[in-house]
Amino acid sequence: MLDGKLDKDMVADPAICNMLVRVGGECIDVVVYSIIADNSLIYRSFPVPQGTTPTKAMEDVVYDNPLLLSDFRKVYILVDTPDYVLIPDGVDEGGAREIFSALHPSWSGVVDCADTATRNASVIYGVDSELNGFISRTFVGATVVPHIVPLTRYFASKPGRGNSRRMICNFRQSAVDVIVIDGNSLLQANTFAFRTVMDAVYYILSCRSRHGLDPYADEVLLSGDQQVREEITPALRTYISRVMPAIFPPQMFRAGKDAMHAPFDLIVTPLCE
């Protein structure tokens, strides 16, 4: 079941459970699962009403679902945001913040850095001040990262097949994250909004051309929204030989079959620490 209220009595012992929350413009996704028991995973997706800010939507979801205020073993908050910049190794935090400010001159929210688990890059990103304040007050000690970070961490830890260069495309209904990795080096991580599947195909092919990826040797792995993946796969195979689904992490599948319905970037978040 992917909808319904989350009451405290749904989890016997929150101290052995992780809670994962994804804050997006269209929905707030919540996953709770035991780190000990199989088939314990609970997943809910709460739509964000049109015109409602992510902060107000997050507040409403938290206060309408008492389970979310339990004392969990660990809380992870994933913020879906385009406001991030890749920073090469060797740039200190002050320099990284200057780069972020130059690319986002009107930004007035919180700015922070996160590790990508690659050998050459980190991410500096922005979080809305009100959202950051609510998270800090409500979930003390929570791990907060932009949505692109668990994707880079997860796929950087997975060896490619054959050629070490590979592209990963993680889909939502109206956006795709495009990541290019060479061995353990991050070559690209961008989020593109699209209206049609062919728009997404254009962005993907443009990124491949930019990096000189071979249409016959360099694979592209697809993750995320199943409907979009099913629609885009035949179009991509017109231009790229090795188009294949990303392998779903078996440890999260064991946690419960509803994990397959949750956003991929959210599901892999706790696997990357």
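In table form, for the structure just shown:
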read-out	value
Residue match in the range 59-73 (condition: farther than 19 Å from ALA262 by Cα and touching a strand residue (DSSP E or B) at 6+ places or on another chain (Cβ under 7 Å))	yes
Listing of strands (runs of 3 or more DSSP E) fully contained in the range 158-241 that carry 3 or more residues being touching a helix residue (DSSP H, G or I) at 6+ places or on another chain (Cβ under 8 Å) and open to solvent by 30 Å² or more (accessible area, probe 1.4 Å)	185-193
Enumeration of residues in the range 224-273 that are of a type in the set (Ser, Thr, Tyr) and in contact (Cβ under 8 Å) with a residue 60 or more places away in the chain	THR269
Residue check for ILE99: free of Cβ contacts under 8 Å to residues at least 40 places away in the same chain, among the β-branched types (Val, Ile, Thr), out of contact with any Phe, Trp or Tyr (no Cβ under 8 Å at 6 or more places or on another chain) and surrounded by fewer than 20 Cβ atoms within 10 Å (Cβ to Cβ)	yes
Flag if GLY94 is small (Gly, Ala, Ser) and either in a helix (DSSP H, G or I) or under 14 Å from VAL21 (Cα atoms) (or both)	yes
Some residue of the range 235-256 being within 23 Å of SER40 (Cα to Cα) and among the β-branched types (Val, Ile, Thr)	yes
Every pair of residues 6+ apart whose Cβ atoms lie under 6 Å, when the first sits in the range 30-57 and is β-branched (Val, Ile, Thr) and in a loop (DSSP other than H, G, I, E, B) while the second is open to solvent by less than 20 Å² (accessible area, probe 1.4 Å) and at pLDDT 95 or above	VAL48/ALA57
Meets criteria (open to solvent by less than 40 Å² (accessible area, probe 1.4 Å), under 26 Å from THR116 (Cβ atoms) and not aliphatic (A, V, I, L, M)) for ASP265	yes
Options ASP80, ASP89: the member that is under 24 Å from VAL178 (Cβ atoms) and surrounded by fewer than 16 Cβ atoms within 10 Å (Cβ to Cβ)	ASP89
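The values are calculated or read from the model by the stated rules, or taken from the named source; none is laboratory data. Model, not experiment: these values are computed from the prediction. Note: ideal-geometry Cβ built from the backbone for every residue, glycine included; neighbour counts use all protein chains shown. Note: accessible area is taken over every heavy atom of the protein model, side chains too, but ligands, DNA and RNA are not part of it. Shrake-Rupley method; radii C 1.70, N 1.55, O 1.52, S 1.80 Å.
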